[in-house]
Amino acid sequence: MRSHTLLLAALTLMTAACDEKDDSSSFTPSSNLDCLEATPVNVSGADDATLDALCEGGAVTIDGDLDYVDAVDMNRFACACEVSGTLTIQGSTGLSGLSNLQRVGALTVADNPELVTLNGLQQLTEITGALTVRDNGIQSLAGLENLTTVSAVDLSGNTALEDYSALSGLTASPGALTLSGHVGASLPDFMDGMLLEGSVSVSACETLTSLTGLTVSPDMTGDLSLSNLPLLTDLSALESLATVGGSLALSQVDTLTSLSSLAALTAVGGDLSIEAAPLLPDLSGLEALTGVGGVLSLSSADLIVDLTGLTGLTSTGGIALHDNPVLYNLEGADLDTISGGATFAGNTLLRSLDGLESVGSLGALEITDNAVIWRLDALQGLSGIDGAVTITNNPQLSDDEINALLDAVGEFNIGGDVTVEGNGG
């Protein structure tokens, strides 16, 4: 027996006739169903007999959330014109039992390996929240042709999905877009003409070479994440991007060789992270960037030797540089403010922290597992470190160099524990 939300009192009284099950199975979805006269119902905790009798009173609007499995619910909700909460479709093979549905608060279609299309949802025109289509066997979004309004779109893990054209009828751009597992050298056509202002995430698209078709607002309010895109070489779709209100992340971009398309970028409100970009020679293209509100993070950048390209950067909420095999020093930026912590770890050729001479204070400091670092004098101008100091496993870094830094900052200007071990002695 499945649980749903309790029906309104008027509907629960109808269950007295629950033994006569032939009526509930005979309801036929009709385009003439009068949704303007739909009865609000609340269907949580109702038994099967009550649910089977739902459509005997005509059109209904379901208050709250609804979980739909076609094998059980094929006709139970055929009279539903609206679901005010989230409609979750899971373990289904077809959606014909939802053929009168016009509006939902949110729609999640997930984990339906035998579902090929979304046919059955042709009456659906409005999703006030998010449309999530994830980990299904669908080949097409057919069934959503009349959808005009949605606040966010998440299309992830639908490895057989090739036809996105049903979303071309959207009359307004969604506030956020997530695309993962798309197969193709270019982005889906339905994105053409969309101006995306909120968050955008494109990931695990192994054959994608270009972001052509992606149009972002010059001043994005959310996050921009591009990850696990091994053939991506072209960022020209981002040439107008000036600010990112959230975080900006580039990771596992194996063939990316330039950031020149980010030349208009002046500020990132959250973190700025570049990870696993083995062919990126430097950070040129980011010269206009003046501030990063979160952490500036660079990791597994196999060719980058310093911070050339960050000549305009004066402030960041933190800095984390780790596992960069040829990073030599930190010259190239003009940092004077790091409001949070600074971490330098596993950088094989990093010899000094030259480039940070103008930084006034730090939130915390970690220097660990850097094979050849031997100088810390660039940090001797610090007026204080608010949190912990950790300096460990740097075999070429002498105790004299470490003590010179700690003495320059002053014992009473360090707010956390000091851990020094495994260095050069």
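The values are calculated or read from the model by the stated rules, or taken from the named source; none is laboratory data. Just so you know, these numbers come straight off a predicted model, no measurement behind them. Glycine gets a Cβ as well: all are built from the backbone with ideal geometry, and neighbour counts include every protein chain shown.
Table: residues versus (1) out of contact with any Pro (no Cβ under 6 Å at 6 or more places or on another chain); (2) within 23 Å of Ala49 (Cβ to Cβ); (3) touching a residue at least 60 places away in the same chain (Cβ under 8 Å); (4) part of a loop (DSSP other than H, G, I, E, B).
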| site | (1), (2), (3), (4) |
| --- | --- |
| Asn75 | yes, yes, no, yes |
| Gly94 | yes, no, no, yes |
| Gly97 | yes, yes, yes, no |
| Asn100 | no, yes, yes, yes |
| Leu115 | yes, no, no, yes |
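Taking only pairs six or more apart or across chains, which ones have beta-carbon atoms under 8 Å, a first residue in the range 312-330 that is charged (D, E, K, R), and a second residue that is part of a loop (DSSP other than H, G, I, E, B)?
Asp323/Ser300; Asp323/Gly346; Asp323/Asn347
Given the conditions (1) within 27 Å of Gly184 (Cα to Cα); (2) under 26 Å from the mean Cα position of the chain (by Cα); (3) free of Cβ contacts under 8 Å to residues at least 40 places away in the same chain, and given that Thr128 satisfies all but one, which numbered condition is not satisfied?
The number of the failed condition is (1).
Can Thr215 be described as within 24 Å of Leu235 (Cα to Cα) and touching a helix residue (DSSP H, G or I) at 6+ places or on another chain (Cβ under 9 Å)?
Working: within 24 Å of Leu235 (Cα to Cα): yes; touching a helix residue (DSSP H, G or I) at 6+ places or on another chain (Cβ under 9 Å): yes.
For Thr215, the condition - within 24 Å of Leu235 (Cα to Cα) and touching a helix residue (DSSP H, G or I) at 6+ places or on another chain (Cβ under 9 Å) - is met.
Can you tell me which residue is surrounded by the most Cβ atoms within 10 Å (Cβ to Cβ) among those in the range 231-255 that are in contact with a helix residue (DSSP H, G or I) (Cβ under 6 Å, 6 or more places away or on another chain) and assigned to a loop (DSSP other than H, G, I, E, B)?
Ranking the qualifying residues of the range 231-255, first place goes to Leu235.
Please go through the range 142-169 and pick out each residue that is of a type in the set (A, V, I, L, M, F, W, C), more than 21 Å from the chain's Cα centre (by Cα) and surrounded by fewer than 20 Cβ atoms within 10 Å (Cβ to Cβ). Lay out the reasoning, then the answer.
From the range 142-169, those of a type in the set (A, V, I, L, M, F, W, C) are 142, 144, 147, 150, 152-153, 155, 160-161, 166-167; that's our starting set.
Filter once more, keeping what is more than 21 Å from the chain's Cα centre (by Cα): 142, 144, 147, 160, 166.
Result: Ala142, Ala160.
Being free of Cβ contacts under 8 Å to residues at least 40 places away in the same chain, under 13 Å from the mean Cα position of the chain (by Cα) and assigned by TED's automatic domain parsing to the domain that holds Leu265 is the requirement here; does Ser227 meet it?
When the stated conditions are applied, Ser227 passes them.
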